[in-house]
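A short reminder: the numbers here are calculations on the coordinates, not readings from a lab. Note that the coordinates shown come from a computational prediction; the quantities given were computed from them, not determined experimentally. When we count neighbours, we look across all protein chains shown, and the Cβ atoms used for this are built from the backbone with ideal geometry, even at glycine.
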Amino acid sequence: MSERLSVVPGPDGGPELERLLVDPAGRVGVPDVTCRAVWDAVPGAARERVLEDAARELTRPEPRLTAGAWARAFRDGDRGAYEDAAWGLQERVSLLTLAAVLTGESADAREAPGTCPHLDAAIDGLVSFAEAGTWCWAPHERFAAERGDLVPDPDEPYLDLGAAEVASLFAWADHALGPHLDRRMPGLRRRLRREVEQRVLLPFERRRDWRWIGADGGANNWNPWIHGAVLAAALLLCTDDVRRARLVRLVVQGLDHYVATLPDDGGIDEGIAYWWAGACRLLEILDLLAGVGGSALDAREIPLLGELLRYPQRMHFGADWYVNVGDAPARLTADQPWQVPFRWGRRLGQPETVAHALAGARLQHSAVAPRAGLGRALAALSDEDWCRALTADEPDDSAPWLAHETWLPRSQILVARETAGSTDGLAVAVKAGHNGEHHNHLDVGSYWVAADGRPLVVDVGRPTYTAQTFGPDRYAAWPFQSGWHNVPEPGVAQLPGPEHRARDVRAELGRGVSGMTADLCGAYPRGSLTGWDRAVRLVRADGTTPPHVSVEDRWEGGGESVALHHVLAGLVELGEGRATVTAPDGSGLVMCWNPRDAAASVVRKELDDPQLTASWGDHLTRITLTVRRPGAQGRLTVRWLIIDGADEAGKNELSGLAQHS
């Protein structure tokens, strides 16, 4: 892509930018705590949810950030010991700040404790962050690692996602609670500004070689995530007009590197979870720039944004289940800022996006998600249209965002379903791509099959991150390996790197059949195959055979062993030439193949990693079809259909089709 934001005046336009950005706090779209007309008008349901959650939070001890927890990333690879505490403290401060804004509670500095419990506890959390030796998450701290230290140097802070999160928290807490902080804890706001200055703004200005800027063309979600935090700090904490304009200029220049990586089909190779961390943050930044600078800083007409906005709805299977390429989990966590696609859907005239956003927020039972960030939560609560739509509209069972088929040619992902606008029946997704994608798994040619909105032929997703996850040992973890994706294993596993990719990728789009065909041999070691053509097709009902998914593999030049893996979520029962997989809710699939051509083996994989059990429970099952006589070339077809989607005659007919393919 060659898109650029191109909204900030050039080097000679410095004074103009300074003028546009004078006193921006009143134009960021979120009023402070003294604007009671806005905060007292928040609908009761949204207000009560925040206050109930805050009341529970006040009964818990504040998370502690300890040196021992931070050092564990280097001692045993456990990065979660510290990061979980940091996220917990950030979420606590965000939630209590929201409660303090909604209640409007305040007190003089000398008044006794208990007068304003939410405000006091929020202040305690802010001071805990201010006193912490670092805001950086341990695996990112390159400066300490280069010195061979386990103790970060506060005079040489590393600017990463952790630092960005705290800077954004400080900026929005200062903005929302400012007058009450001045009254209750004089001097605190000066301290917050000093910490953000030293840990974020100065490092951002002084070093322009941060890898996450992506000047080499490799920008990912870090880029808008950190730039968004710097922008909030510049607008809400910086009092120097000239410097504020300089910071904003650097933010926009940096964002151009991210925008340049976005394909015009709207795809995100990092996966659905990282749409919220990257693309969604870009949309929020564009709103913020337009709000403070008016039309002169409004870049929201970039053509690709409409396609980018559709990505989550295009990856949706049903309920909280999504097509999860890369490190994304199969189930979307309940902490997403759904008000962003809602607002953008309305702006761009995409009613299906609006409907998807409302459905997603209702599923997480909240108008706001404090864990997603204080600024996002404040924006949601102060958005009258969002709160009214979420609390007043009657839930709609229709799902207009579920398209008949979606083909993303740049990302090489196809998603198709049996019936548009409904989770009923079959849905299939298949990807080609390459093994150098952001948050890559060795999964070229993998596919998903869902029954009634629930994926049963699945992608495992990522395990809990450790210090090794993004290092040279990444693919030592089984969930990243091709052996645990729905891909062939022609005697060798797939290899990492952008050169290991699918070739001759073609989509088949139509009323009766939606599918994708690709040559997968390039994903494997050079010389191990002459060719491997995989065709994955969703065949809709035509009156002769029931709707089904067909996966046909044809290969040349394979080795002595050829196997095809299928990772399944549910109760698996194996028979002769067929298997069933049934979910706890009763939805299920039948798998058919010719038993004369391949022998089936089953492996049950026990799960104890919380990232994986959140999606799959206590186990997954892998069925591997091992070709009996692989030879120099071969062919094998597997077909899937809904367990209750056809009568027994139809199932037998489909099984026969597989056996004679």
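Numbers for the structure displayed
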{"item": "Equivalent ellipsoid dimensions for the range 475-555 as semi-axes, Å, which come from the Cα gyration tensor, largest first", "result": "28, 14, 11"}
{"item": "Extension gain from residue 628 to residue 243, taking 0.36 nm per residue of separation minus the Cα-Cα distance", "result": "131.6 nm"}
{"item": "All-pairs alpha carbon distance profile, the range 472-622, 10 Å steps from 0, percent", "result": "9, 32, 37, 21, 1, 0"}
{"item": "Linear extension gain, residue 554 paired with residue 59, 0.36 nm per residue minus alpha-carbon span", "result": "172.1 nm"}
{"item": "Mean Cβ neighbour count within 10 Å, used as a protection proxy, ranking 460-466, 572-578 highest first", "result": "460-466, 572-578"}
{"item": "Alpha-carbon centroids, the range 211-284 and the range 545-559: separation in whole Å", "result": "42"}
{"item": "Binned Cα-Cα distance frequencies in the range 111-246 - 10 Å width, integer %", "result": "11, 40, 32, 14, 3, 0"}
{"item": "For the range 569-582, Karplus couplings with θ = phi - 60° (6.51, -1.76, 1.60), whole Hz, Gly/Pro x", "result": "10, x, 7, 10, 10, 9, x, 7, x, 7, 8, 10, 10, 10"}
{"item": "Efficiency of FRET from Cβ geometry, residue 596 and residue 464, R₀ 41 Å, rounded to 0.05", "result": "0.45"}
{"item": "Value of Rg to Rh for the range 405-660 (Rh from inverse mean 1/r over Cα pairs, i.e. Kirkwood)", "result": "0.94"}
{"item": "Highest-first arrangement of 188-199, 53-64, where packing means the average Cβ count within 10 Å", "result": "188-199, 53-64"}
{"item": "Cα→Cβ-extended label distance, 7 Å offset, between residue 473 and residue 300, nm", "result": "4.7"}
{"item": "The chain: translational diffusion in µm²/s, Stokes-Einstein, Kirkwood Rh over Cα pairs, 20 °C, 1.002 mPa s", "result": "81"}
{"item": "Spin-label model distance (nm) - residue 492 vs residue 111, 7 Å beyond Cα toward Cβ", "result": "7.3"}
{"item": "Alpha-carbon centroid distance for the pair the range 71-125 / the range 487-507, whole angstrom", "result": "47"}
{"item": "Taking N as its residue count, the alpha carbon Rg of the range 33-207 over 2.2 N^0.38 Å", "result": "1.11"}
{"item": "Counting all C-alpha pairs of the range 578-634, share separated by more than 14 Å (%)", "result": "67"}
{"item": "Distance histogram in 10 Å bins (all Cα pairs of the range 180-324, percent per bin)", "result": "10, 36, 31, 17, 6, 0"}
{"item": "Descending Cα extents along the principal axes, the range 411-488, whole Å", "result": "43, 23, 22"}
{"item": "Computed lengthening from residue 530 to residue 604, 0.36 nm per intervening residue step minus Cα-Cα distance", "result": "23.4 nm"}
{"item": "Point-to-point label distance, residue 150-residue 41, nm (Cα→Cβ direction, 7 Å offset)", "result": "5.5"}
{"item": "Residues whose placed amide H lies under 5 Å from that of residue 619, excluding near-sequence neighbours", "result": "607"}
{"item": "Sequence of 87, 338, 321 once ranked by neighbouring C-beta atoms within 10 Å, starting from the fewest", "result": "87, 321, 338"}
{"item": "Nearest-ten-degree value, helix 44-58 long axis tilted from longest Cα axis of the chain", "result": "80"}
